[in-house]
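Notes follow the structure.
Computed from the coordinates by the stated procedures, all read-outs in this text should not be read as laboratory data. Here the structure is a predicted model, which means the values were calculated and not measured. Ideal geometry is used to build each Cβ from the backbone, glycine not excepted, and the neighbour counts take in all protein chains shown.
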Amino acid sequence: MIPTPIIQADELSTRLGAQVYLKAENVQPAGSFKVRGAFNKIHNLSPEEKARGVIAPSAGNHAQGVALAAKRSGIKATIVMPEFAPLTKVVATRKFGAEVILYGKSFDDAAARVRELVQERGLTLIHAFDDEEIIAGQGTCGLEILDQLPDVNRVIVPIGGGGLIGGIGVAIKTLKPDVKIIGVQAGGNSSIRPSLAAGHPVTAERSNTIADGIAVKRPGDLTLPLIKEYVDDVVEVDEEEIARGIVHCLSHSQLVVEGGGAVGVAALLAGKIKPEKNEIVSVVLSGGNIDGNLLARVIEQVMVRQGRYIWLKLTVSDRPGSLAPLIDEVAQCRANVVEIFHRRAMRLAPLGRVGIELVLEVRDEEHGQEVMRHLMNSGYPVEREGLGHWPT
């Protein structure tokens, strides 16, 4: 575990009229805040508990935190992860020396299997969030924020099971009660607001989100009361907003952040959290363990949404040399061809014509419109496919 930097987010600050800082937990060893709780818990185990070996359920980040802490303490670790856990997280956990068992479709399925293995093998359970020493370890992130930003007004924290926000909430509110603590959860895995309304932990109906690091269907029995007492508000973001948050961190702060880590930035971009003018805001980027293939898909989707990629359909004469003039027209507009498809039967083009699909990279939505107008004025009637558009 290391103290992590807090980085001013210049673009976000300018956009929102506030002073926004990113708490970069994505640069922790093992890539997330989870090492804080794991090291604290394992450090405080008795010699007998350590000798039995430890076991933990995890959607991925807790797995790596426990595996690393166990390795450095000379303890055998067993991790149970959902069957569809990101491959990068599975491989990284095994590299730290842990035995990895893939079981079930969600974190909660994995946790049920862990309870069985605790009985079968006599292993020591390291819970992902519903444990006082885990919560206390995560709370060190809050202490660092106060040390780095003594005048902070608002802290935005992702919520999975509630261990991180519970620990941060206790640490910050105890020392500086006026600081607002705002939690952010993925709308595709929403359990906190229903649980707060019910007065007890409620299990989400589904767990469907690219924010796999916070894909926990049910808050903890220990963490929910902490959220109720120390958290001022909880908001939710959808999948497209999370994708936009990931790409924003990459494009404007040069930080690789996973879906769960980007939800705070996503909430600010979507206007779900609106800081006051000149307010000092810290956003916790809880982790950076995102699969490379997923990151590539997210970037592509967001670039389409922001008008950076445009997908055009048109027809040209079905004879040799007809494609080259079209590409020349695109080049005149300073657009870059990302992909080109030559279609006959699929476009049902008239006889003597062939369908062409172009994916072009442009500067922004205005440039994309300029390219389309130029092509139409040059005799290429175009149809645009794709999604609606976001601001950059």
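Hey, what did region 306-385 get for relative contact order, percent, Cα under 8 Å, at least 6 apart?
Taking the mean separation of contacting Cα pairs over the length of region 306-385, I get 48 percent.
For the chain, what is the relative contact order in percent, using Cα pairs closer than 8 Å and at least 6 residues apart in sequence? Each step should come with its number before you reach the end.
Values: 855 pairs, mean separation 60.3, N = 392.
The value is 15 percent.
Return the Rg/Rh value of region 306-385, two decimal places, where both radii are evaluated on C-alpha atoms and Rh is the Kirkwood radius. Mind dumping the intermediate values first?
Working: Rg = 12.0 Å, Rh = 12.6 Å.
A ratio of 0.95.
Hey, can you rank 13-24, 169-180 by average C-beta count inside 10 Å, highest first?
Values: 13-24: 19.8, 169-180: 17.3.
Sorting 13-24, 169-180 by mean packing, highest first, produces 13-24, 169-180.
Tell me which lysines have Cα within less than 19 Å of LYS176's Cα, excluding those fewer than 8 residues away on the same chain?
LYS23, LYS228
When ranked by the protection proxy of mean other Cβ atoms within 10 Å per residue, highest first, what sequence do the peptides 104-115, 64-75, 329-340, 189-200 form?
Details: 104-115: 19.5, 64-75: 23.0, 329-340: 14.8, 189-200: 17.3.
With the highest mean Cβ count within 10 Å placed first, the list reads 64-75, 104-115, 189-200, 329-340.
Could you tell me what % of all Cα pairs in region 141-201 have separations over 12 Å? If you can, show how the numbers build up before the last one.
Details: 1242 of 1830 pairs.
Of all Cα-Cα distances in region 141-201, 68 percent exceed 12 Å.
Output the Cα-based Rg and Dmax of region 34-125 in Å, rounding Rg to one decimal and Dmax to a whole number.
Both quantities, over Cα of region 34-125: 11.9, 34 Å.
Which value, in Å³ per residue, describes the convex hull spanned by the Cα atoms of region 233-392?
With only Cα atoms used, region 233-392 gives 138 Å³ per residue.
So, in Å, what gap is there between the alpha-carbon centers of region 260-274 and region 1-29?
Each part's Cα centre sits 13 Å from the other's.
Along its principal axes, what span do the Cα atoms of region 97-154 show, with the longest given first and each in whole Å?
Its Cα atoms span 50, 24, 23 Å along the three principal axes.
Roughly speaking, what is the centre-to-centre gap between region 285-358 and region 124-181 when only Cα atoms are used, to the nearest Å?
Comparing the Cα centres of region 285-358 and region 124-181, I get a distance of 46 Å.
Within the P(r) computed for the chain, what percentage of the Cα pairs occupies the region above 34 Å?
Details: 28161 of 76636 pairs.
Of all Cα-Cα distances in the chain, 37 percent exceed 34 Å.
Return the lysines within reach of LYS274: Cα separation strictly under 17 angstrom, same-chain partners fewer than 8 residues apart disregarded; answer none if there are no such residues.
Partners found: LYS180.
Starting from the exponent 0.38 and prefactor 2.2 Å, build the expected Rg for region 186-237 from its residue count and divide its actual Cα Rg by it. Please list the in-between numbers first.
On the way: Rg = 10.5 Å, N = 52, 2.2 N^0.38 = 9.9 Å.
Output field value: 1.06.
Enter the angle in degrees (range 0 to 90, nearest 10) between the Cα long axis of helix 292-305 and the first principal axis of the Cα atoms of the chain, meaning the one along which they spread out most.
On a 0 to 90 degree scale, this one is about 50.
Please enumerate, by chain and number, the lysines with C-alpha under 16 Å from the C-alpha of LYS95, excluding those fewer than 8 residues away in the same chain.
Of all the lysines, those that pass the test against LYS95 - Cα under 16 Å, at least 8 places apart if same chain - are LYS71, LYS76.
Going highest first, how would you order 250-260, 226-236 by mean Cβ packing within 10 Å? Please list the in-between numbers first.
On the way: 250-260: 21.6, 226-236: 17.9.
Sorting 250-260, 226-236 by mean packing, highest first, produces 250-260, 226-236.
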